[in-house]
Structure formats: structure tokens, C-alpha cells
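To keep things clear, I will list the structure first and then write my remarks on it.
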Amino acid sequence: MTSKIVLGHAKLAIGAVLVWMVFGRTDKRRSALPLSDGRVVFAVDRMAFSGWLLTAALLAWTAARDLMRAHAQLWDALGPAVLGSAAISILFMFPGTIVVSMEGLEQAFWFRPNKRIRWKEIEEIEASGKNILVSMITITSFSGTKITYSDHLADPPRFLFEIQQHCGEDLPPNFPRESVDGL
């Protein structure tokens, strides 16, 4: 009986840690990685990466375990199907690494196709938050392709600076210019 209580509290603690790892605020001091060919890489925070994969693995393992225990009834298989779908959704929602180059932006994903937008193809830049507290930037091209920078990626001020350097005066009025002035 005591082991079930301890195991239940351990699962709750692990779940809380995973939620914090995935959805918590990341380290804003992490720097982007400049490459020798002039490109700048904005990678996913290691803590968020670990949390994302552990959450998906935990959901997939729970779904597989429950599916093996399910009887031949539809309702018994419904829970594992939902958990398995959630695990797959988490993997597809994982933020991709963004690479800024002289040609444009590229967002590389693990579980879906990469996205590319050239600087001259940018139609809209939408930033949520103000100044250095920007939590998400969505860059949309004329063709509808969207690249999303989230707060799980490195160095928000540098990313804003790179956009400002490459787009010049073609930035929208709501673009947070104050955050890049100090660079």
C-alpha cells in the first residue's frame, strides 16, 4: 500500500518536472551559435528538448502499456489511442531550430519537412510580447509559409537583431525595436 502511494507521488513529481521543462521559461542568456560561413543558428534549449522527448516517450509508453492491458472492448482501447495521438502530436509540435543566413530563414524540424523563407519574400512579422520579453515571433511569406520563433530557442535579442539587419526599414510598426538597440 505504501509503495503505491510513493509511486503515485513519484509519477506526479515527474509529470510536474516534465511540464516545467516543456512549458517553463527557458534560459534567456543562452547565445545563438554563429557559424564560420556567416549563418547564425538558434537551437532549442536542451532542457526543453529533453522535456519534450521525455513527455512524448512517457505518453507513448503509457499508451502501449494500457493497450496491452485492454480487453476486446472499444472503450478500453480509446484511452491508449488518445495518449498515443498526444505523443505523436507532441513530437510534431516540437519547435524547429532556426538558421539565419544571407539568403533568408530556414526552420529545421525532426519530424516534419523544413521551412524556408527568403528575406525578400517576407510579408508579415508578428511579435507577441514586448521588448526583451518576446515569447513568439511568427514570420509569414507571400506564399503563406510560416516560421515561428518561440521562447524555447536561444538568444531572442540576437534573433530580433538579425531580422532587423536583414529587413531594414521594411519592419512592421509593432516590431519590438527597443530590444535590439542594446546589441
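The values are calculated or read from the model by the stated rules, or taken from the named source; none is laboratory data. All figures in this text were calculated on a predicted structure; none of them were measured in a lab. Neighbour counts run over all protein chains shown; Cβ positions are idealised from the backbone, glycine included.
Among the residues of this structure, Leu78 does not count as one that is surrounded by 15 or more Cβ atoms within 10 Å (Cβ to Cβ) and modelled with pLDDT under 80.
Of the residues making up region 37-96, those that are of a type in the set (S, T, N, Q) and either without any contact (Cβ under 8 Å) to a residue 12 or more places away in the chain or in the same structural domain as His152 (by TED's automatic domain parsing) (or both) number 3. Close Cβ contacts (under 6 Å, 6 or more residues apart or on different chains) running from residues in region 145-157 that are under 23 Å from Lys120 (Cβ atoms) to residues that are basic (Lys, Arg) comprise Thr145/Lys115; Ile147/Lys115.
Going by the structure shown, is Asn174 at pLDDT 90 or above and either surrounded by fewer than 16 Cβ atoms within 10 Å (Cβ to Cβ) or not small (Gly, Ala, Ser) (or both)?
no
The condition (being surrounded by 13 or more Cβ atoms within 10 Å (Cβ to Cβ) and within 30 Å of Glu123 (Cβ to Cβ)) is satisfied by just one residue among Leu83, Leu53, Leu58, Leu91: Leu91.
Would you be able to say whether some residue in region 142-161 is modelled with pLDDT under 80, loosely packed, with under 13 Cβ neighbours inside 10 Å and out of contact with any Phe, Trp or Tyr (no Cβ under 8 Å at 6 or more places or on another chain)? No, because not a single residue in region 142-161 is modelled with pLDDT under 80, loosely packed, with under 13 Cβ neighbours inside 10 Å and out of contact with any Phe, Trp or Tyr (no Cβ under 8 Å at 6 or more places or on another chain). In region 101-115, the residues that are under 23 Å from Gly38 (Cβ atoms) and at pLDDT 90 or above form Cβ pairs under 8 Å with partners that are of a type in the set (Ser, Thr, Tyr) and part of a loop (DSSP other than H, G, I, E, B), at six or more places apart or across chains, as follows: Lys115/Thr145.
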